[in-house]
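Presented below is the structure to which this report refers.
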Amino acid sequence: MTGASNRQIVVAARPDGDARRSDFAFAEQPVPVPGAGEVLTRSLLISIDPYQRSLMGNAASELPPIALGQPMSGPVVAIVEQSRHPDFAVGDHVVAWSGWQQYGLSDGADLRRLDPDAAPLSTALGVLGHTGLTAWLGTTTFMDPRPGGTVVVTAAAGSVGSLAAQLAKRRGHRVVGIAGGADKVRSLTRDLGLDAAVDYKAADFAEQLAHALPDGLDGLLDNVGGAVFEALMPHVNHHAHIAIAGLIAQYGHPGAPPGPNRLPALLRLFLYRFVQIRGFAMPDHVASYPAFLADVAPLVAHGAITYSEEFVDGFDSIPDAFLRLYDRRNPNRGKLIARVG
């Protein structure tokens, strides 16, 4: 480690609306030295996720913002460089929550050991990682639509939505995916086998929804919020179950949106259609990882689950890649990961 430094990407400013490149800065710190019971990890793959906008502050989220000057938080796949912890050895591959920096220091509590021979390491940040767990929780724990009913998944081409949609299909539901752009919509039916798909960017979005939901919806896993959720409200059936996993359309816009007030209509859904709406966040359910992996890992290993990953190369590429998550003109496909090691 002589002469090495720990490069970091830190939150430099609180965004006003959508994040900008100037809201991030690069910093260098000495590589941490592990003390008794600690592990030093070196990042190989770094996760880039929409929810990280919430961590920057001024967001539609209850999450506490990261202090200015501190690295963005998030999961990484890393290799153990030094260990003074009895459960981890040099050379072990782990998932750590060290965020956007090249080295991390851990007491081991946040580390999950990986077997590189069991699945590609990158899957530990997507289909077999935090986004996969979110999808699994939404479809197995927080949403229980009637058997054979119609389930809608928003952002269905994304890392969470694509797995959730496939799991819902495996549970015997009719599944309708919502995504942005004709290519993504075609992929939902062609590659994921969904029953119908709707393009929220299309001028006839409302007409497409009506055609895809002739009998309404009985379950909804929402990753978007905003206008997409509003468009779905008239199609919600009695006793429908709605699970809120994300609000990508609202993260940078915590104030009231322009247009009519939809709260009265939402309250009518609660009262007159007996709708159950539950929000959840993956960090509160990390104890479910073993059950999730026991269920989903064999499906991935046998090719029964389709997943998509997009890689960017180099530590310096991370801020621009993150901004692209919110750029409708140049959308990413699947789980976005930076290769840095």
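Values quoted throughout were computed directly from the atomic coordinates according to the rules given, and no laboratory measurement underlies them. In this text, all values refer to a predicted model and were calculated from it rather than measured experimentally.
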From the convex hull of the Cα coordinates of region 38-181, what is the mean projected area in square nanometres? 10.8
The chain: antiparallel bridges as % of DSSP beta bridges, rounded to 5, reads 55
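Let me have the relative contact order for the chain, percent, based on Cα pairs under 8 Å that are six or more residues apart. Could you put the intermediate results ahead of the total?
Values: 725 pairs, mean separation 61.0, N = 341.
Over the chain, the number comes to 18 percent.
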Calculate, in whole percent, how much of the Cα-Cα pair population of region 131-282 lies beyond 25 Å. 20
Computed over region 131-282: relative contact order in percent, which uses C-alpha pairs under 8 Å that are six or more apart: 23
Please build a GNM for the chain, connecting alpha carbons under 10 Å apart, and tell me which residue among 297, 27, 287 fluctuates the most. 287
Overall dimensions of the chain by Cα: Rg and Dmax, Å: 20.5, 67
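Once you order the gyration tensor axes a ≥ b ≥ c over the Cα atoms, which shape class does region 172-238 get: rounded for a/c under 1.5, otherwise prolate or oblate by comparing a/b with b/c? Could you put the intermediate results ahead of the total?
Details: a/c = 1.57, a/b = 1.16, b/c = 1.36.
Verdict is oblate for region 172-238.
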